[in-house]
Amino acid sequence: MICRFCGDNLKSVNQKLLSSLGERCNGNPSGKHVGVTDCVCCVYCGDEARPQNGRLITKLGLQCKNSPTGGHCLQ
């Protein structure tokens with residue numbers, strides 16, 4: 001997965017997206033990396049998401065710590 005703001009390669013660690021330079025994204029005004037959608041993983045935390053009762057859930061639950069809305073997002 002790559003960051004849509006800075007273009008760095010990302011990896012998901014404990015519901016955080018990290019690049020080779022760390023957690024901070026210099027291209028995004030909010031300072032957080034946001035992944036380019038692959039329609040499988042949440043763009044905010046990088047965990048694989050699946051639908052459940054009309055919401056997206058990952059192995060860590062319904063809440064996404066990095067999302068502005070608190071929920072997982074595929075786009």
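The values are calculated or read from the model by the stated rules, or taken from the named source; none is laboratory data. Note that the coordinates shown come from a computational prediction; the quantities given were computed from them, not determined experimentally. Virtual Cβ from ideal backbone geometry, glycine too; neighbours counted across all protein chains shown. Only protein heavy atoms, including side chains, enter the accessible area calculation; ligands, DNA and RNA are left aside. Shrake-Rupley method; radii C 1.70, N 1.55, O 1.52, S 1.80 Å.
Please check which bits of the stretch 56-75 a label hung off Cys39 would reach, taking the label as a point 7 Å along Cα-to-C-beta and the cut-off as backbone N under 20 Å.
Within reach of a label on Cys39, which here means backbone N under 20 Å from a point 7 Å along Cα→Cβ, the stretch 56-75 contributes 56-58, 72-75.
Relative contact order, percent, of the chain when contacts are C-alpha pairs under 8 Å separated by at least 6 residues? It would help to have the intermediate numbers written out before the result.
On the way: 149 pairs, mean separation 19.0, N = 75.
Once divided by the residue count of the chain, the mean separation gives 25 percent.
Determine, from the Cβ-Cβ distance of Ile2 and Leu56 and an R0 of 25 Å, the FRET efficiency 1/(1 + (r/R0)^6), rounded to the nearest 0.05.
0.75
Averaged per residue, what accessible area in Å² does the chain show with a 1.4 Å probe, protein chains only?
Numbers: 4750 Å² over 75 residues.
In whole numbers, the chain has 63 Å² accessible per residue.
When the gyration tensor of the stretch 1-63 is built from Cα positions, what are the square roots of 5 times its three eigenvalues, in whole Å, from largest to smallest?
Numbers: eigenvalues 96, 23, 19 Å².
In descending order, the three semi-axes are 22, 11, 10 Å.
Quick one: length gained pulling Leu74 to Asn14 fully straight, 0.36 nm per residue minus the C-alpha distance?
19.8 nm
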